[in-house]
Each structure stands twice: as structure tokens, then as C-alpha cells.
Amino acid sequence: MFAMKEEDEEEDVPDLIPFATKKVPVTIITGFFGAGKTTLLNHILTKQHGKRIAVILNEFGEGDSIEKSMSVGEKGELFEEWLELRNGCLCCSVKDNGVKAIENLMEKKGKFDYILLETTGLADPGPIASIFWLDEELCSDVYLDGILVMVDAKYLKQHFEATKQDGSINECQRQIALGDVILVNKTDLVTSAELDVLKETVRSVNGFAKLLETSHADVDLDDILNINAYCLSGDMKLEDVFTKRGFSVRDKHTIDQSVRTLTLQFNGNVKRSELDSFLQTLLWEKTVQDNSGRTMNILRLKGLISLLDCEERLVVQAVHELYDSHYTTKWESQESRCNIVVFIGQNLDKSILENCLQKIIIPT
Ligand SMILES: Nc1nc2c(ncn2[C@@H]2O[C@H](COP(=O)(O)OP(=O)(O)OP(=O)(O)O)[C@@H](O)[C@H]2O)c(=O)[nH]1
């Protein structure tokens, strides 16, 4: 089921950018039951006082009791609106339907400054993210800002180690893999030594996300909103993202888990057609295997690529099978063109992926 609530302030802060031209960011908030998602939503709504923030609850199953029990801010008019989706929950609906339903609601109720989309405990944020991750050409009113994962420090170990009967990646690891920001919440319930282990566990899966520790979801909003995770802006180099987050480009794999982060760097240039063909083989055809014959299952990929005969850097992003790319800043004429690709997924084999990339690189 799908419901929307909004904190509607009468004295809205005037916006400098006209509504008609401003796209509305969407942050997906995911995490296990009880991790602190509602606490975080309340924290955001209180701190963003005066902004029109829509909170969307993407629920599976029957009934609306969960939505109704949720409080959103202490002040402001609260209303609940059912979005008209033909196929039940948002991630099961056709991509355009979900976005269209939100756009229709904004036409009716006025545009929001921000949309927070909370998913149920076990949801895979991948399919939901793909709904909001739209091509520029579609001229949508909304765009995906990032995926925020809340982790319960008290129960992370239990959730992380749970095995699925069919051998697939469990929900906890899947969520962590896709996080652009990961909040390890409820730090008041664990010792600092336990917390260090938890953070290392999270890092073993996702070495790229911004990792924050919180108690009662108390976080600086600048760290979690407007992060532009799906559109690295022109002046922000992928290398900078690594450096600013306090860890260097590395292949961190201290814990033996099936989902992990692998970062590869290489100098040289790549032909566009060969890059596409590599990505399609890896993401669509899924014929790239590790040395035991297991398919490499990519959950998330980010890359900074130097294309042959191209002055601008190319940023590539993928979530599951979906990938997209766009040009950013120009390479300096004297600069050595260092490509970086970050893979987050299962059965990643460094030497095989290196071989695949070597085949498409034209050394400088
Ligand atoms: N001790 C402690 N309790 C917390 C913290 N954050 C949230 N809680 C409490 O944990 C409980 C669950 O928090 P919620 O914010 O409702 O969690 P949720 O993720 O929205 O839960 P669901 O809606 O069931 O998915 C509440 O009683 C919160 O007050 C924290 O950092 N420390």
C-alpha cells in the first residue's frame, strides 16, 4: 500500500528558484524494522521546519495501520493522501506510474521541497531507486538524491549473518550494499569496541558509502540530504569523494562475506562502445563469472572513466541492471588519466574484472 503525509506550513520559506524549474529531490530511507527510521523522519521534519516535506511510506500488504501510526512533526497541518497506483505498492508499479502519481499529487497540493520515501523493513531499495533515477530527457519533476540505510547497532550482527534458504544475499547486506549514506543508529546500546566491529562489518560490504554513527537518529542534515549521489556534479571528482570520506581507494576485504566492495584503478582511455559492451555483459547478460564459475552479481557500481578522444570525464553509475552515464569536468592537459571503478556485489573476482578492463583499455 502506498500513502503520503505532508507537513504543510503556512509561512513557507520563500524559494529563490521558481517552482516550475526546480526538481524535487527524493531520498529513500530504508532499514530493518525498529532501526530508527521514524525517529529519523521526525528529526528531519523538526529541523527542516518551514519546508514542505512529503513523507511517502511504501508499504507492502494490506491495511494502512502502519502509516496511520506515524507522527510527522509537531507543528503544521498533516494530511494523508493515497497515491493512485494501479499495481499496489510503488516498486511493483510501472516506473512512470509511480513518478506520475507523485507529480499529480504535487499538481494538486503544490510542489514539495523534498520527498522522503520510507520503505518497509525488508525492502530491497534497488527497484524503488530505479523508479526515481530518471533520464534527464524525461523532464520529471523529481530526481533521486540518494539512498539512506539505517542500521540497528544492537541487532546488526544478527541481521547481517542471517542465511537465506535459497542462498541469495540477505536483505540486510543488500540494503547496506546500496546505501549512499549508512547510519549506524542506536550506538548508545553497544560498547565502542562493539561499534568498531560493526562499522568494519558495514565497510566490508560497502566501502563507498558515507558511514555515520548516531544515537536516536541525531544527525546533521547536511550529511544526509541533498547529497546528489546519483549525479556527481562537475567539480566533484570521484577521487575527492573517497578522500573526503576519510578512506583511500582500496580493496578492503577483511571479513569473509559474499557481498563486498572492490575498487579498481587503471590509466589509459576506453572506447565508448567497448565500455558499453563490458557493462552490458556484466550487468545485463551476467556472463562474467568468478574463478569458481559463479556469476558476479553487481548491486551497485560507480566509475570515473576517461574515454578515448574525449576531453571530459565520464561518470558511470549502476544499480542492479540499470546503468547511466554523464560527462563531468575536463581532464587537464598534463594530467594522467586515472580511471576508477567501484564494484559492490557478490562473487567479485579482482583478477577477472581486472582482465576484463585491461581488454578495453588503450594505454596512454
Ligand atoms: N536506545 C535507543 N532507542 C532508539 C534509538 N533510535 C530509535 N530508538 C527507539 O527504537 C524504537 C524504534 O524506532 P523507530 O524510529 O520507530 O524505528 P523504525 O525503523 O521506524 O521502525 P519500524 O517502523 O518498525 O520499521 C523506538 O522506540 C525509538 O524510540 C537509539 O538511537 N537508541
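The values are calculated or read from the model by the stated rules, or taken from the named source; none is laboratory data. No experiment lies behind these values; they were computed from the predicted model shown. We place every Cβ from the backbone using ideal geometry, glycine too, and count neighbours over all the protein chains shown. The accessibility values were calculated without ligands, DNA or RNA, using every heavy atom of the protein model including side chains. Shrake-Rupley method; radii C 1.70, N 1.55, O 1.52, S 1.80 Å.
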| query | Out of segment 132-192, which trypsin sites (Lys or Arg not before Pro) are coil in DSSP terms and have no more than 11 other C-beta atoms within 10 Å? | reply | 164
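Of the GluC sites (Glu not before Pro) in segment 262-316, which ones lie in a loop per DSSP and count no more than 16 other C-beta atoms within 10 Å?
Hits after loop and neighbour filter: 311.
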| Pairs 199/359; 47/108; 47/111: which exceed 28 Å Cα-Cα? | 199/359
| message | Suppose each label sits 7 Å from its Cα in the direction of the beta carbon; what would the residue 352-residue 170 distance come out to in nanometres? | response | 2.5
| said: Beyond a 20 Å Cα-Cα separation, which of these cross-linked pairs lie in this structure: 51/100; 271/350; 186/210? | reply: 51/100; 271/350
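Keeping all protein chains in place and using 1.4 angstrom, which order do 359, 51 fall into by accessible surface area, from largest down?
On the way: 359 165, 51 65 Å².
From most accessible down to least: 359, 51.
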| query | Given the Cα-Cα distance of residue 364 and residue 215 and 0.36 nm per residue of separation, how much length would full extension add, in nm? | reply | 48.7 nm
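Could you work out how much longer the chain between residue 161 and residue 325 gets when fully extended? Use 0.36 nm per residue separation minus the Cα distance between them, nm to one decimal. Walk me through the numbers before you get to the answer.
Numbers: separation 164, 0.36 × 164 = 59.04 nm, distance 3.42 nm.
Full extension of this stretch gives 55.6 nm more.
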